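The structure appears below as structure tokens.
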Amino acid sequence: MAAKTHLYKVEMTCEGCSGAVERVLNKLKGKGVEDINIDLKGQQVSVTATMDSEELLTIIKKTGKTTTYIGEKS
């Protein structure tokens with residue numbers, strides 16, 4: 001399965017918030033996640049992965065942040 005870039009809106013108010021999201025996703029590097037890009041100001045997270053968007057959504061939500069799936073980046 002080819003990697004796709006998924007966009008998520010994540011309520012992050014500080015570096016601690018974005019750090020929490022980054023930590024849970026970094027654990028999956030090499031296990032489906034290839035690249036992570038966090039835009040704290042825009043409150044968006046883009047994840048390039050071979051994993052399913054729902055699976056990634058569940059993982060990001062484990063941080064306790066309100067997260068919604070925006071869609072696939074083309």
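The values are calculated or read from the model by the stated rules, or taken from the named source; none is laboratory data. Values in this document were obtained by computation on a predicted structure and should not be read as measured data. Note that each Cβ is placed from the backbone with ideal geometry, even for glycine, and that neighbours are counted across all protein chains shown. Note: accessible area is taken over every heavy atom of the protein model, side chains too, but ligands, DNA and RNA are not part of it. Shrake-Rupley method; radii C 1.70, N 1.55, O 1.52, S 1.80 Å.
Things worth noting here:
- Placing pseudo-labels 7 Å out from each Cα toward the beta carbon at Thr13 and Glu54 gives an inter-label distance of 3.2 nm.
- The alpha-carbon atoms of region 14-54 define a convex hull whose volume equals 64 cubic angstrom per residue.
- Model label points for Ser46 and Asn26, set 7 angstrom from Cα along the Cα-to-Cβ axis, are 2.1 nm apart.
- Where Ile59, Ile70 fall by accessible area, highest first, once all protein chains stay in place (1.4 Å): Ile70, Ile59
- Estimated dipole of the chain in Debye, rounded to 20 [Cβ of Lys and Arg +1, of Asp and Glu -1, Cα centre]: 160
- Cα-based Kirkwood hydrodynamic radius, the chain, one decimal, Å: 11.9
- Accessible area (Å², 1.4 Å probe, nearest 10) - Glu11: 110
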